[in-house]
Amino acid sequence: MRKRTFARECVLKILYRIEISKESIETSLKDFWSKSADSADKESHDFAETLVKGTCENLAAIDNIISKYTDNWNISRMAVIDKNIMRMCVYEMLYRDDIPPNVSINEAIELAKKYGDVDSGKFVNGILDKIKKTECKK
């Protein structure tokens, strides 16, 4: 598995943990890395932490953007996995110049297929594609 793909899987698990447990970002990161059977190399670890912190620091803005493109879906009603995959991807697309939006979307779709339900890949792809077309300047 590629380093950034592995890191994104870790990010999804950490964001899920933060949302479910209501722990602080720092507590969740520390506990995840100490208990994780997945050992991340420094590059993957640093990339994952950057994505977690960036996503969480911009959460209100990210959720507002996602909400604009989810017809008949209140973000609070979305599956936690799908929502956090989209949050991470929107952070990458709008706040990171070093990652092409198509790469972020493809990674998000793969995570949705692996961790979400049967239709998660299509759901995530549809929303993220709309966001890319109207919000991204890359």
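In degrees, nearest 10, range 0 to 90: what is the angle between the Cα axis of helix 80-95 and the longest Cα principal axis of the chain? Roughly 80 degrees between the two axes. Straight-line cross-link partners of Lys30 among the aspartates and glutamates, defined as a Cα under 20 Å from its Cα and at least 8 positions apart when in the same chain: Glu9, Glu19, Asp38, Asp41, Glu43, Asp46, Glu49, Glu57. Relative to the longest principal axis of the Cα atoms of the chain, the long axis of helix 42-57 makes an angle of roughly 50 degrees.
With viscosity set to 1.002 mPa s at 20 °C, what whole-number translational diffusion coefficient in µm²/s follows for the range 1-116 from Stokes-Einstein and a Kirkwood radius over Cα pairs? Write out the running numbers ahead of the final one.
On the way: Rh = 14.3 Å.
Answer from the Stokes-Einstein relation: 150 µm²/s.
For the range 1-75, the per residue solvent-accessible surface stands at 57 Å², with DNA, RNA and ligands left out and a 1.4 Å probe. Among Thr50, Thr27, Thr70, the residue with the largest mean-square fluctuation in a Gaussian network model of the chain, with springs joining Cα atoms closer than 10 Å, is Thr27. Between Thr5 and Trp33, the simple label model (points 7 Å from Cα in the Cβ direction) yields a spacing of 2.4 nm.
Please check which bits of the range 107-131 a label hung off Ala79 would reach, taking the label as a point 7 Å along Cα-to-C-beta and the cut-off as backbone N under 16 Å. Residues passing the 16 Å test: 108-128. How about Lys137: which aspartates and glutamates have a C-alpha closer than 18 Å to its C-alpha, ignoring those fewer than 8 places off in the same chain? Those aspartates and glutamates meeting the cut-off are Glu92, Asp97, Asp98, Asp129.
Leaving out ligands, DNA and RNA, what percent of the accessible area of the chain is carbon and sulfur, probe 1.4 Å?
Numbers: 3800 of 7400 Å².
Carbon and sulfur atoms account for 51 percent of the accessible area of the chain.
Per residue of the chain, the DSSP helices (runs of n ≥ 4 H) give a summed -39500 (n - 2.57) that works out to -24500 deg cm²/dmol at 222 nm.
Taking 24 Å as the straight-line reach from the Cα of Lys130, the lysines in range (excluding those fewer than 8 positions away in the same chain) are Lys68, Lys83, Lys113, Lys114, Lys122, Lys138.
The values are calculated or read from the model by the stated rules, or taken from the named source; none is laboratory data. As the structure is a prediction and not an experimental result, all values here were calculated from the model. Positions of Cβ are generated from backbone atoms using ideal geometry, with glycine treated the same way; all protein chains shown enter the neighbour counts. Ligands, DNA and RNA are excluded from the accessible area calculation, which covers all protein heavy atoms including side chains. Shrake-Rupley method; radii C 1.70, N 1.55, O 1.52, S 1.80 Å.
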